[in-house]
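Trainee: One structure is given below, represented as structure tokens, and several questions about it will come after.
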Amino acid sequence: MRIELIEETVSTNDYIMRYLPARENVIVCARRQTGGRGTKGRSFLSERGGVYLSALLFYREVPAAEAFRVMAHAAVSVCRTAERLGASPEIKWANDVLAGGKKLCGILIENGVKGSALDYSVIGVGLNACNDVSPLGGIATTLTEASGRYVSADVARETLIGEFCRPSTFAEYLSRVKFLGKRVAVEENGRAYYATARAILPDGRLELEENGVLRRLSSAELHLLP
């Protein structure tokens, strides 16, 4: 697989699309992004000291209904990276990796679909290594803080690429989800409520129990309780 390291770009997810016509599997990393993107149109702080990686992968005969396994693999890759570097991560559904209750990483997946099949994925990962996250007001952490020792962006990047290129299983994903069976706060379509998280299904839906009724959500804002 081609691996490219660039100094700076607006967004690695946007940059990597230049390889789409060649249908080539590629990983692009930048030392800094000037317009990093998160989910739901949010910006993603992308200063030097973090790892900003995008992978472009093409598929054959993968049903679009199985697209969540792309997200699951990215989250597992980040968790294995953090564990190797001395941190204790956990996954918060659906696309955040936390350490010590703070956000360690954000993941943005952009899929291309043909008919009922998954054609390609652009998998964007922003992982905090030794960058300054203080502008985020205490909601984020870094590998350096979470592990108690300095972790450079270069070491974190090399480790993440290695883990991303290894296969993973859905069981590995579930083993790093720590909030199942616990009460969570949910924001869904303008409605806020509490529920008990019961399961994450293979298609990525979150199964909740609210007042004795099971519900399955495809998207919502989830807040873990102390």
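The values are calculated or read from the model by the stated rules, or taken from the named source; none is laboratory data. Predicted model only: the values in this text are computed from it and were never measured. Virtual Cβ from ideal backbone geometry, glycine too; neighbours counted across all protein chains shown.
Trainee: Out of all the residues in region 180-202, which are of a type in the set (D, E, K, R) and touching a strand residue (DSSP E or B) at 6+ places or on another chain (Cβ under 9 Å)?
Mentor: Within region 180-202, 182, 183, 187, 188, 198 meet the criteria.
Trainee: Next question. For the condition surrounded by fewer than 16 Cβ atoms within 10 Å (Cβ to Cβ), within 14 Å of residue 92 (Cα to Cα) and not small (Gly, Ala, Ser), what is the one hit in 166, 216, 183, 176?
Mentor: One residue alone meets the criteria, 183.
Trainee: Does region 8-24 hold any residues that are farther than 20 Å from residue 106 by Cα, surrounded by fewer than 14 Cβ atoms within 10 Å (Cβ to Cβ) and either of a type in the set (S, T, N, Q) or in contact (Cβ under 8 Å) with a residue 12 or more places away in the chain (or both), and which are they?
Mentor: Result: 23, 24.
Trainee: Restricting to helices (runs of 4 or more DSSP H) lying wholly in region 73-188: which have 2 or more residues that are within 23 Å of residue 47 (Cα to Cα), in contact (Cβ under 8 Å) with a residue 12 or more places away in the chain and assigned by TED's automatic domain parsing to the domain that holds residue 20?
Mentor: 143-147, 153-164
Trainee: Identify the single condition in (1) surrounded by 12 or more Cβ atoms within 10 Å (Cβ to Cβ); (2) in contact (Cβ under 8 Å) with a residue 24 or more places away in the chain that residue 225 does not satisfy, given that it satisfies every other one.
Mentor: (1)
Trainee: Being touching a strand residue (DSSP E or B) at 6+ places or on another chain (Cβ under 7 Å) and hydrophobic (A, V, I, L, M, F, W, C) narrows it down to one of 174, 136, so name that one.
Mentor: Just a single option satisfies the conditions, and that option is 174.
Trainee: How many residues are closer than 13 Å to residue 82 by Cβ and touching an Asp or Glu at 6+ places or on another chain (Cβ under 9 Å) if we restrict to region 152-183?
Mentor: The number of residues fulfilling the criteria is 1.
Trainee: Kindly indicate whether any position in region 152-169 is within 21 Å of residue 73 (Cα to Cα), in contact with a His (Cβ under 8 Å, 6 or more places away or on another chain) and among the hydroxyl-bearing types (Ser, Thr, Tyr).
Mentor: Yes: region 152-169 contains one or more residues that are within 21 Å of residue 73 (Cα to Cα), in contact with a His (Cβ under 8 Å, 6 or more places away or on another chain) and among the hydroxyl-bearing types (Ser, Thr, Tyr).
Trainee: Scan region 197-217 and report the pairs whose first residue is in a strand (DSSP E or B) and whose second residue is among the hydroxyl-bearing types (Ser, Thr, Tyr), with Cβ atoms within less than 6 Å and a gap of 6+ or a chain change.
Mentor: 209/196
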